[in-house]
Structure formats: structure tokens, C-alpha cells
1. Filter the range 315-345 down to the residues that are assigned to a strand (DSSP E or B) and under 17 Å from residue 524 (Cα atoms) and list them by number.
2. Does the range 332-358 hold any residues that are farther than 30 Å from residue 246 by Cβ and in contact with a helix residue (DSSP H, G or I) (Cβ under 9 Å, 6 or more places away or on another chain), and which are they?
3. In the range 502-520, what residues are part of a loop (DSSP other than H, G, I, E, B) and farther than 23 Å from residue 637 by Cβ?
4. Just checking, does the range 122-132 include any residue being without any contact (Cβ under 8 Å) to a residue 60 or more places away in the chain, outside the structural domain of residue 436 (by TED's automatic domain parsing) and more than 19 Å from the chain's Cα centre (by Cα)?
5. Can we say residue 155 is part of a loop (DSSP other than H, G, I, E, B) and modelled with pLDDT of 95 or more?
6. Among the residues of the range 294-302, are any buried (at least 19 other Cβ atoms within 10 Å of the Cβ) and at pLDDT below 95?
7. So, residue 544, is that one crowded, with 20+ Cβ neighbours inside 10 Å and touching a strand residue (DSSP E or B) at 6+ places or on another chain (Cβ under 6 Å) or not?
8. Determine which single condition residue 313 fails, assuming it passes every other condition in (1) modelled with pLDDT under 95; (2) closer than 13 Å to residue 391 by Cβ; (3) surrounded by fewer than 17 Cβ atoms within 10 Å (Cβ to Cβ).
């Protein structure tokens, strides 16, 4: 028989073909995954050739399926809670993933308040995280990305992480507190798929097709689908921002040594021996709204000198500088200790043990104001902590302008506000998963256009239920917290309008509203108390999802009002074991408009029938009633006895 000699090139080609033929698993099906219990679960992957894929669960064959047209899938029968399990996939190659558990899988989505991690809040909950060990609470954080040319099959990245010290910092803080409750109450593994992006609008999480009823968003999505158009915009944006930074930094006198040599000093402004006798004084913290810096844009340098005893030598420290608007770089004794590029994160900088010294220590802040009012946010922590000793940093500082500039140019493409991009790149690739429910915390970025928000949320919820083929998928919606300075008069409020739209989502079946009007902070769009939010989400899940109907999961929800001469009575659902309010049952932050008049404050009084009675009301015409209707209704005080706050509302609904 004639022997056939295979040439090296052919061997190489065959090897490449074999490599290409290997089956692949999606990132979601990886080591440590938690899959939904008590429901059939889809297993899926890719292959570049037609071949059989054998699937084994704990070394037992459960199926053989055919890979064709580049992909394969198998619908595994429902599994009870527990683990660990191993899944093996055999074709031309063999893949095995272990430490798999079946439990309850929750999708945690929205914008920054859902995305905000444990690392940001852990210092406010001492003892909660230092020895944390919940190996059966796990999070998969979907890598952020956008696509405007249709839904993607695979996410950009991510991995499963357990709630243990090495990984807990990356957990969504809200989702962690929620999962901890559910894990304890249901005694099952709990998985969180965190799919959230700071600043994102609801439109970004809706499919292009579902946006057809919103013409402006649909038109924008169609434009962004033109990749050349999008890339041209991005390049133009990048150039003008880069030019703005380069020009600003070039003109900063505090960093320009050549320029300062010609003046009074040749020192850079963060050097500790700098002569700052000609610097002006300013009291901090404050935002520059009503002073000589109110219109300032550019670089401003601030310095404060503190005296330390010899005990500070060789000690590490923690520097807290509250929140700073917009960006900062901080030095102590001429050495850089930290920087933050945007206004929202709390400033918490670790100071190396080699930096502090006996006697004078100079703290210098190079503050960059991009647009709006800059400054140090009031009522935040400003101190240097050395062991248990805190040195107060509020009070008198010195400042000097490093450079003036025009406001930072606006981008034409603001990715976090763009429609459909996050749905395509981050949401659509999850379509093969089954979820126990959705945790949704979003709305801040839609405050500027509240009129369409209720419709948007209805479309989003239905869109997701269709994507996952779960028509009754529970949707737990966190209402926006109180924020901004309170008003002493009835006011129009777009924040209140968004809360009203969120309240109206309760008209959609299998939804719940988590009211957080009492956990916000006037000076921070990202309130620290994520534990209360997570706990209240867990209450809603117990009632709505786990069928524990005796669990009171909601505060009072307005039902209707009843007239009686010059008195009206407000009726509520979800009163629990009863209503409670302030001293002697007085209910505050009620405003009523009669006919075409303006809204006026009224005081309500709790009754024995768990209603709120309001006297001296002009009942001659139509009434519009508001409760908690403000950006920050700090005096709103209606709760049920379970401690859950009433939702703000505006209504003209009269009882039949």
C-alpha cells in the first residue's frame, strides 16, 4: 500500500481547524456559578463545527446535543437547591466547571446607586465585612459595555465571586444586603448578577425595537447604529476634552516651575515650604455659590497647616476630605497621597507612615472645577485620623488661583445617556438565564424628563420579561431617595414626578415599590445607607416572590380621599398594623390645591380608623393632594407601625 505523506503545512492547518472546532462556554457558565433552582435551566455555548456535545452532571451523562450553525444548547431539567456540582462538556475538547450551586438568581440592575460597591460604604458598618464568610452568596459583575448595532451574544467579561473578604469590596452594596437576608431566610444559595452602569438612563436598558414608541430615543439609536458616525463623534469629543485639559494644565501656575521662577517663588505650590503669605483665606467646607468664587472654573490650590506631636512620627493615617467638586489631587508635606477624577466618590486617602512629622504638616489640595459651582461639600467628614485620634480639618484654609478656564466643553456623545446600548451589550447576552426576580434602582438620570418615565418603565419591564421568557418575572423597584436642600414652601419637583412615575409601576402585575424617602442625604446623590434599601427589598421579595403574605413589605400607599363639608379624609392601602406619624399623630408635608389655586400646606391628623384627616379644606371644587412632594421632603413623617414610610404621591382620586 502506498504511504501518504502529510506535509507539515497540512498538519498545521488541521491543527488550527481542530482548535477552531473546540466548544466554548459563555462567561456566565463558569466556575462558581449559581443557577436558578426549581426551573429548567438552559446550558449553551459555541462551536465552529457540527459535532455532538455530551453533557455530564457530576460525571453522569444527562444529555447529548448537536452543535450546529456555530452554537449548541440544552435545556436541563429543574434541579433542587444545593451543591457543589460539576458540569462537564465533551466534544472534540473537554470543559469542566465545578463549584456550581443551584439556588436563587437575582438580577441587580440600574444606575450608580445599584452599581455602588461595598468598598464605598463598608467604613460605616463596622463589623459587617471584616470577617464576612458567605460562600453561597455570589455575585457575577457584568463588564460594562455598549453596542448600537444589535444585541450581542456574549458579554465582554465577568466572573463569579463569593461574599468573602477577598471579593466583597466589589459587590453591589444594595444587592449584598438583600442577598444576605434572602440567604438567611430561605436557606438557599443566592446569586446576584450585577448589571448596572452609573449615570445610565432607562432608555439605555431597552431594546431598539421596544423604543419605537419613543421617537426621539429611537431616532438617536438609529443614528448611533452607524459606526462611522459614532466613531467620528467620539474622536471629536476626545480631542476637545484632551485639548481642554492640556491647555488648563499648561496654564496652572501651581505646577509651572518655569513660570513661577519669574515671580515670587520658584517652588511648586504643593511644596511644604512654599511662602503662602499672599494667599487668601477661606472657610471650609462650603460650596462656592454665594462668594467670590461662585463663577470660578479652573484650578484652585488650597492649603492648611496642622501641628502634630512627636507621636505622629512613623504613623500611618487616614485623610477624609468629604466630597469635593469636581476633581482633586492631594498632597501632605509635598508628597502625593491621592486623587479623584470626579465629584461623587467620598475622599478617603491612606497616608503612608513616612509622611507625617512632628510640628507643622501642610495639606495641599489641587482642586479642578469643570463646570457649575466647585467646593467642599458641607456636612461631610473632614479630618485626619491617626490611630484613634481625629484632627479636625474644617475651618480656615488658604487658597490661590492656579488657572482660569472656560467650562469644560460638553460632549456630543454622552454614553451613559444613550439609548439601547447597554441592553445590547450587557442585557441581551443574559437571555438564556432564568432569574428569581429583578432588583432595579434607577431614575436619577431621567429626572430631567419625568413625563415619559412611567411609560418607559412599563416598556422596560415587559421588554425584559420577553427577553427571559418569564412573563411574570418579579420586578422590585427602588423609589428615588430624598436629595438636595429641603424647601420650606410647596414646590414643583421633577424628583417628585419621577417618584410618582415609580409609584405607578405598581399597576403592572408582579411588581413592588421600595420607598426610600427617609434614607437619602441632602448633599449626596449616593446615600450611604444601602443596608436599609437592601433590607426593604428583601421584605418585598418575601411577600411578592416567596409567597409569605403575612410579611408587611410596603409602607402606606395612597388609595383615595373622601370629602365631608370642609374636611377630607385620606385612605391608604398597606397600613400594616396601623399608621404612625409625628407627635400626637400629626402628619406633615401635605399640600392641597383647590381648583386653580396654588398648593398650600395642610396638616393631617391620624384617626383611629388608620386614615389621615385634614380640616379647613376648601371643598368647593376639584382637589389635588400631594404628600412628600419635593426634592427632599425632610418633614414627611407618615409610616406604618412596621416602620415603612408612605410613598410620596400626587392624586385627585376621590373615593366612590
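1. Hits for the range 315-345 are 320, 321, 324, 325, 327, 340.
2. Of everything in the range 332-358, those that are farther than 30 Å from residue 246 by Cβ and in contact with a helix residue (DSSP H, G or I) (Cβ under 9 Å, 6 or more places away or on another chain) turn out to be 356, 357, 358.
3. Those that are part of a loop (DSSP other than H, G, I, E, B) and farther than 23 Å from residue 637 by Cβ: 508, 509, 510.
4. The answer is no, given that none of the residues of the range 122-132 is without any contact (Cβ under 8 Å) to a residue 60 or more places away in the chain, outside the structural domain of residue 436 (by TED's automatic domain parsing) and more than 19 Å from the chain's Cα centre (by Cα).
5. So residue 155 fits the description; yes.
6. no
7. On the way: crowded, with 20+ Cβ neighbours inside 10 Å: yes; touching a strand residue (DSSP E or B) at 6+ places or on another chain (Cβ under 6 Å): yes.
In short, yes.
8. (2)
The values are calculated or read from the model by the stated rules, or taken from the named source; none is laboratory data. Quick caveat, the model's predicted, so the values are computed rather than measured. Positions of Cβ are backbone-derived with ideal geometry, glycine not excepted, and every protein chain shown enters the neighbour counts.
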